[in-house]
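Below is one structure, written out as structure tokens, with a few remarks after it.
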Amino acid sequence: MKPLLGLAGAIDALNERIGYLANWMVLLSCLISAGNAFSRYGFNMSSNAWLEIQWYMFAGMVMLGAAYTLRKNEHVRVDIFYGSRSTRTQVWIDIVGTVLFLFTAMGVMAWTSWSMFQESWRISEMSASAGGLIRWPVKILMPIGFTLVALQGVSEIIKRVGYLRGEFNMDLHYERPLQ
């Protein structure tokens, strides 16, 4: 179990660093947006590239931040009965849900988005907008993001199995969101 927990730690560290990058994309996107608005209204100058780079940054925030969100146990749940169960039952629900649903969804989406990226790369796809950007850099974020979420799923399963075996102590506190 110790080597597997080491692997889980490495995956966690990777997604922590990538999540940090996604957090900085929020600030960068805001600065680009403000700079674009200033140049458009202050100097009557603008470019579609500035608008598209904001879209790329948003894609980066979402696709690169999703695994970090899963790592922090802040992802969306369909809480029909999860919150009222014992911690041990919640751990089993997490394991089964990850295996059946998360891995299936991430596998399908990574596979299909990879072919979208490859086609974009092959044809050197460009934005149809005047002054627009090449498209493959944003399209590669999809298979990377889905793969990172699947890897984080591996880490979460390892940690939960370690928890069930009494070999790993983790904070499994779950708080139902206020709505």
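No lab work stands behind these numbers, since they all come straight from the coordinates. For clarity, every value in this text was computed on a predicted model and none was experimentally measured. FYI the Cβ positions are ideal-geometry reconstructions off the backbone, even for glycines, and counts take in every protein chain you see.
Below 13 angstrom from the Cβ of Ile93, what's the summed charge of the other residues (Lys, Arg +1; Asp, Glu -1)?
Numbers: positive: Arg77, Arg85, Arg88, Arg160; negative: Asp79, Asp94, Glu156.
Local net charge: +1.
All other residues with a Cβ under 15 Å from the Cβ of Ile32 taken together, and with Lys, Arg as +1 and Asp, Glu as -1, what is their net charge? Walk me through the intermediate numbers first.
On the way: positive: Arg40; negative: Glu52.
Around Ile32, the charge tally is 0.
Near Gly131, once Lys and Arg are set to +1 and Asp and Glu to -1 for all other residues with Cβ below 15 Å from its Cβ, the sum equals +1.
Only loop residues by DSSP count here, and only those with at most 16 other Cβ atoms within 10 Å; note down the trypsin sites (Lys or Arg not before Pro) in segment 72-179 that meet that. Provide the component values of the computation, followed by the final result.
Working: sites: Lys72, Arg77, Arg85, Arg88, Arg122, Arg135, Lys139, Lys159, Arg160, Arg165; in loops: Lys72, Arg77, Arg85, Arg135, Arg165.
Here the sparse-neighbourhood loop sites are Lys72, Arg77, Arg85, Arg165.
If the chain linking Asn73 and Arg17 were pulled fully straight, counting 0.36 nm for each residue of separation and taking away their Cα-Cα distance, it would gain 18.5 nm. Take each uninterrupted DSSP H stretch in the chain, measure its Cα extent along the helix axis, and return the ones at 24 Å or beyond whose mean Kyte-Doolittle hydropathy is at least -0.5. Helices passing the filter in the chain: 2-43, 48-71, 103-122, 136-164.
May I ask you to list the chymotrypsin sites (Phe, Trp or Tyr not before Pro) in segment 137-177 that are in a DSSP loop and have at most 15 other Cβ atoms within 10 Å of their Cβ?
Numbers: sites: Phe146, Tyr163, Phe168, Tyr174; in loops: Phe168, Tyr174.
For chymotrypsin sites (Phe, Trp or Tyr not before Pro) across segment 137-177 that sit outside H, G, I, E and B with at most 15 neighbouring Cβ atoms in 10 Å, the list reads Tyr174.
Basic side chains Lys and Arg get +1 at the Cβ, acidic Asp and Glu get -1 at the Cβ, and with that the dipole of segment 2-164 about its Cα centre reaches some 300 debye.
Looking at segment 1-99, which GluC sites (Glu not before Pro) are DSSP coil and have at most 16 other C-beta atoms within 10 Å of their C-beta? Intermediate results must be reported in sequence, preceding the final value.
Values: sites: Glu16, Glu52, Glu74; in loops: Glu74.
Taking segment 1-99 and a limit of 16 other Cβ atoms within 10 Å, the loop GluC sites (Glu not before Pro) found are Glu74.
Kindly identify segment 2-164 as rounded, prolate or oblate by the Cα gyration tensor criterion: order the square roots of the eigenvalues as a ≥ b ≥ c, call it rounded if a/c is under 1.5, otherwise compare a/b with b/c, prolate if a/b is larger, else oblate. Prolate shape, in that a/c is at least 1.5 and a/b is the bigger ratio. Cut-off under 12 Å on the C-alpha distance; same-chain residues fewer than 8 positions from Lys159 excluded. Which aspartates and glutamates are left, in chain and number order? Excluding near neighbours in sequence, the set is Asp12, Asp94, Glu167, Asp171.
Only Lys, Arg, Asp and Glu carry charge here, each on its Cβ (+1 for the first two, -1 for the last two); on that basis segment 90-179 has a dipole of about 160 debye about its Cα centre.
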